[in-house]
Each structure stands twice: as C-alpha cells, then as structure tokens.
Amino acid sequence: MSAEKAYKELTERCREIAVLSSCAGVLGWDERTYMPRGGAQMRAEQLSLLSGMIHSKFTDPRMGELLEELQSSDLAEGDTPEAANIREIKYKFDKATKLPKSLVEEITKTTTLSQGEWVTARKNNDFKHFQPWLEKVLALQIRKADAYGYEGEPYNALLDDYEVGATVDDVADTFEKLRADLVVLLQKIKGAPKKPDVSIVNRDYDVRLQAVFGESVAQAMGYSFETGRLDVTTHPFCTGLGPGDTRITTRYNPKRLNDALFGIMHEAGHGLYEMGLDKENNFGMPIAESASLGIHESQSRMWENQVGRSKQFWKYFYPQAQRIFKESLAGVDLDDFYAAINNVAPSYIRVEADEATYNLHILLRFELERAMVKGDLKPDDVPGEWNSRFEKYFDMKVDTDANGCLQDVHWSAGYMGYFPTYALGNLYSAQFFAQAQKDIPDLMTEIEQGNLLVLRQWLKDNIHRHGSRYRATRLVEKVTGQPLSHKPLVDYMTAKFGEIYGF
Ligand code: CO
C-alpha cells in the first residue's frame, strides 16, 4: 500500500471518529443545558456507549498498522501538516492503546453520575454527599495514570491529557515565579490610595438587556450566530461540535453586570478559536484541533481581560452600555466604570475572580489535586486543607464548602490535571497579546474604534489556522520569538493596576 493511500484511510477513519465524538458533544451540551434531571441515568449510558465506541475505533489495530506504515514514509518527514497529523495521532494512539476499554467506560459512567451528585452536594452545601464520589473518581484517575505510565509522579500522566508535553515540575516552577510577583502586586493594591467604587457594577442589570448587550459584543468580536449559539447554564462552557456548529453558554446575575458580560466574552473567545480552526477541510485531524487547553484558554482570557477589561474597549462600548442600562449607569464616568470592572478583591468563587487574584485560585487547586493524586491528601481532608490554604493565600475564611471545595465541576467530571491550563492560559494570553501589539502598532486604536476584527484576524493567522500543528511550547516560541515566561502577564498587570490604583 502506498503512503498516500494509507494516509487517505487514516483521514477517513479519523473523520468518522470525530463525527462520533461530535455526537457525544451534542449529548454533553444538552446534559448541561436543557436535559431534565431524570435523564441522568440514560445519558450516562448513552455517553458511556459512545465513548466505548470511539475508543474501540481509535484503538483498532488497523490504526496501528496505518500509523506504523506512515511513520516510516516520506509523509512523516519535515514540518508539513501531514507530518504533524501523523505525529499527533500516533502520540494519542499510543496513549489510548494503553487504556483498557473497560476502564474508559467506567470512567465515563462514573463521572457522568458523579457530576449529578456534585450538583446536589453543591446545592445543599454537603461535602459528605460528594466525598464517596470524589473517592471513586480519584481512584479511577490514579488507575488511568498507572495505565499510561509516567516519569516522576502520576500527576504528569494526567496533565499530559490537557497540556501535551507539560510536566508538573515545569508548571510548578513557572507558577512559583508568578506567585512571588503576584504577592507583591496584591500588596501594592491593598495599600493603594485609590479604591474603585464597585457598587457601580453591583446594581440592577435586567437579564434580558444583559443578553442583548452580551450578544452584540460577541458579534463585534466576530462570533457568528449563524454557526454558533449562546445558551444559559450553571457552569459556563464552550463546545465546538464540528464545522458550522459552535456552542457557548453563560449565566446571568440580575444584580451584577460582570458575570455574564465577561463570561460571554470569555466563552466567545473559545468559540472564535473553534470557528477559526480549519474544520471545513480537516475535521478530525490534529491540524484542525486546538493545540492544547492552555492555548484554548489563552484565547478566552485575551478577549475577556486584555480586550474586555481595557480602557480602549470601553471608550467605544461604554456609550452603548449607558444607553442600554440607563438607570444603573446614568451619570457614571467612564473612568469610574473602568475602575469598577477591574476591581481587585479576594473572593471565594474562581469564575468570578478578578484578573489579579484569579491565578491564586488555580495554584490552590493545582496543589490540592497534585497531592490527592500523589496520595498525600485524602478526599476526606480536602475541605479542611482547602480552607486553611485559602485563608493563607487570600486572608479570608471560607464560609461554606459550596463557596470552597465544592464550587468547581472539574473533580466530579474526572478532570484532574486540567486546572493548571487556566493559569497557563493567562500566561500565554499576555505573551500573545504583547506580540499582537508589536505586530499591529495601532491595535489599541482599532479597539478604541470598536474594530475588534483586526485582533480576530491576527489570532486566526498566527494561532487558529495552525490547530495543533505545533505543540503549545513551540507555538508560543513561533508566534512570540520567546519561550513562555511569567513576565508579560506580570508587566501587563503591574502597568494596568498601577494606573487604576495609583501606585
Ligand atoms: Co475557559
């Protein structure tokens, strides 16, 4: 068989697997938006069946034969899209063939049920209700790490699922540097002479008007409602279901403007990445998939923070916001509004945290899940450990587990190793945005005029169109000419908060 023929067969197989995955994606989206609670058992069965089918197809010995043949062919050589596809599929194939089908199905079934139990536990603020599920999920994660095999500690095997090639030691090292600078920054903010008036954003904001305004901002960013939707959910997310179908969700707080607005910009940032991947031509192939979760998160955080929380963005959008939210924003200056949306204050909930404290929320979770997977922390001790660390980092006592260790869906969903990608996303986003400003010298002026598509195009050209042709570390170097560093994020935050807080 010629290499071209083998490559064609590989492409067809990958597309079929991607179609099946997209079916699971639709069911997953429905589960988190409109499914009645009573559908949980059946949905677990549906998703478990599909994940088993996907796993069987992907680990079919024929895939191994094709990859073997392609690896020793000319197609695997050089820096071409084909070579990248072969390399990345082979890498995933080797990992997937290490997982027994029964384990994959058990993980899917358990985590689907445990997410439902987590919802109940969080609602009733009842960690004991969730604890046995956390134990089950953790045991399965450790079995998964053992099946993959790893160097150093088992957490490396789990992290690799979300950020290929990242190691727990590298991540911990970068986070440590970031933490040292963050502590200094937060101290300056705490002792600063100026304080934003946050009451401005904590007034009545009609939910229907928030939806109208949020959609108009998403549209200005280039998020298409022809190929995308925006729905309401408890825990906002984005899912790319295939060519022409991307879904984002948000949640509205009638007493606070920030949550839904910046939540929509965040998810639309993810959505633009999904829309910018070359799925029309390469659906199912790595070059039409995101480079990593950290890179995905860099896209959402850039729109949410570097753009959405910039003065320039609001020079254009603030007059519109004032027209829409007449009563709450009447007589409020742009500068006061800008300071209010950038207020820094320790808070319990990660997804509502400000830019400066957000990364501390991630460091806390990273440390706890790393310890759990290592066997140094028992699920039983999670609330106590969470609360004592939280107090140390944030100088604040956790009042309830719902505001503490029960707030995130991740552990119930079996996403251990996922949290670090949020902080990596912030680091990548600052480094990319600094580069975008170098490449487009009048970028901030364009944003001031409401022309957000200039940035969207730059992201498409530099990041989206590559998919996972380059791994995250290489992509960052390719786009910015430098390896990942905590400095661009710290420099950006120091300049911005220095101006707002007057230090
Ligand atoms: Co995100």
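The values are calculated or read from the model by the stated rules, or taken from the named source; none is laboratory data. Predicted model only: the values in this text are computed from it and were never measured. Please note: Cβ atoms are built from the backbone with ideal geometry, for glycine as well, and neighbour counts cover all protein chains shown. In case anyone asks, the SASA skips ligands and DNA or RNA and just uses the protein heavy atoms, side chains included. Shrake-Rupley method; radii C 1.70, N 1.55, O 1.52, S 1.80 Å.
A few notes on this one:
- When Leu49 is tested against (1) touching a residue at least 60 places away in the same chain (Cβ under 8 Å); (2) open to solvent by 70 Å² or more (accessible area, probe 1.4 Å), exactly one condition is not met: (1).
- If you go through region 166-216 and keep only what is touching a Phe, Trp or Tyr at 6+ places or on another chain (Cβ under 7 Å), β-branched (Val, Ile, Thr) and closer than 27 Å to Ile500 by Cα, you end up with Ile189, Ile200.
- The lone exception for Tyr273 - which of (1) of a type outside the set (Val, Ile, Thr); (2) more than 13 Å from the chain's Cα centre (by Cα); (3) within 11 Å of the ligand (Cβ to nearest atom) it fails: (2)
- Only listed residue being within 24 Å of Ala291 (Cα to Cα) and touching an Asp or Glu at 6+ places or on another chain (Cβ under 6 Å), chosen from Leu10, Leu75, Leu70: Leu75
- Scanning region 407-430 for residues that are away from the ligand (no atom under 13 Å from the Cβ) and either out of contact with any Leu (no Cβ under 8 Å at 6 or more places or on another chain) or open to solvent by 10 Å² or more (accessible area, probe 1.4 Å) (or both) yields Gln407, Trp411, Ala413.
- Index of the failed condition, Val164 passing every other in (1) part of a helix (DSSP H, G or I); (2) buried (at least 19 other Cβ atoms within 10 Å of the Cβ): (1)
- Meets criteria (outside the structural domain of Glu289 (by TED's automatic domain parsing) and surrounded by fewer than 18 Cβ atoms within 10 Å (Cβ to Cβ)) for Glu88: no
- Region 325-345, subset part of a helix (DSSP H, G or I) and open to solvent by 10 Å² or more (accessible area, probe 1.4 Å), residue nearest to the ligand (Cβ to nearest atom): Tyr338
- Total residues in region 295-324, condition surrounded by fewer than 19 Cβ atoms within 10 Å (Cβ to Cβ) and of a type in the set (A, V, I, L, M): 1
- Any hit, region 314-324, residues being more than 15 Å from the ligand (Cβ to nearest atom), in the same structural domain as Gly214 (by TED's automatic domain parsing), touching a residue at least 12 places away in the same chain (Cβ under 8 Å) and among the basic types (Lys, Arg): yes
- Where Lys95 falls short, out of the listed (1) more than 30 Å from Val490 (Cα to Cα); (2) open to solvent by 40 Å² or more (accessible area, probe 1.4 Å); (3) basic (Lys, Arg); (4) touching a residue at least 40 places away in the same chain (Cβ under 8 Å): (2)
Let's see how each residue does on (1) of a type in the set (D, E, K, R); (2) surrounded by 24 or more Cβ atoms within 10 Å (Cβ to Cβ); (3) in contact with an Asp or Glu (Cβ under 9 Å, 6 or more places away or on another chain); (4) in a loop (DSSP other than H, G, I, E, B):
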residue	(1), (2), (3), (4)
Asp259	yes, no, yes, no
His266	no, yes, yes, no
His270	no, yes, yes, no
Ser290	no, no, yes, yes
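- Within region 197-209, the set of residues being touching a Leu at 6+ places or on another chain (Cβ under 9 Å) and either open to solvent by 60 Å² or more (accessible area, probe 1.4 Å) or not aromatic (Phe, Trp, Tyr) (or both) comprises Ile200, Val201, Asn202, Arg203.
- Exclusive hit being in contact with a His (Cβ under 8 Å, 6 or more places away or on another chain) and either open to solvent by 40 Å² or more (accessible area, probe 1.4 Å) or of a type outside the set (Phe, Trp, Tyr) (or both), set Lys177, Lys194: Lys177
- Residues located in region 238-257, provided they are within 16 Å of the ligand (Cβ to nearest atom) and open to solvent by 20 Å² or more (accessible area, probe 1.4 Å): Cys238, Thr239, Gly240, Arg247, Arg251
- Test: residue in region 346-353 that is away from the ligand (no atom under 16 Å from the Cβ), on the phi < 0 side of the Ramachandran plot and modelled with pLDDT of 95 or more: yes
- Subset of region 373-406 (residues that are modelled with pLDDT of 95 or more, assigned to a helix (DSSP H, G or I) and open to solvent by 30 Å² or more (accessible area, probe 1.4 Å)): Lys374, Asp380, Asp381, Gly384, Glu385, Asn387, Ser388, Asp401, Asn403
- Tallying residues that are without any contact (Cβ under 8 Å) to a residue 24 or more places away in the chain and among the basic types (Lys, Arg) within region 465-495 yields 3.
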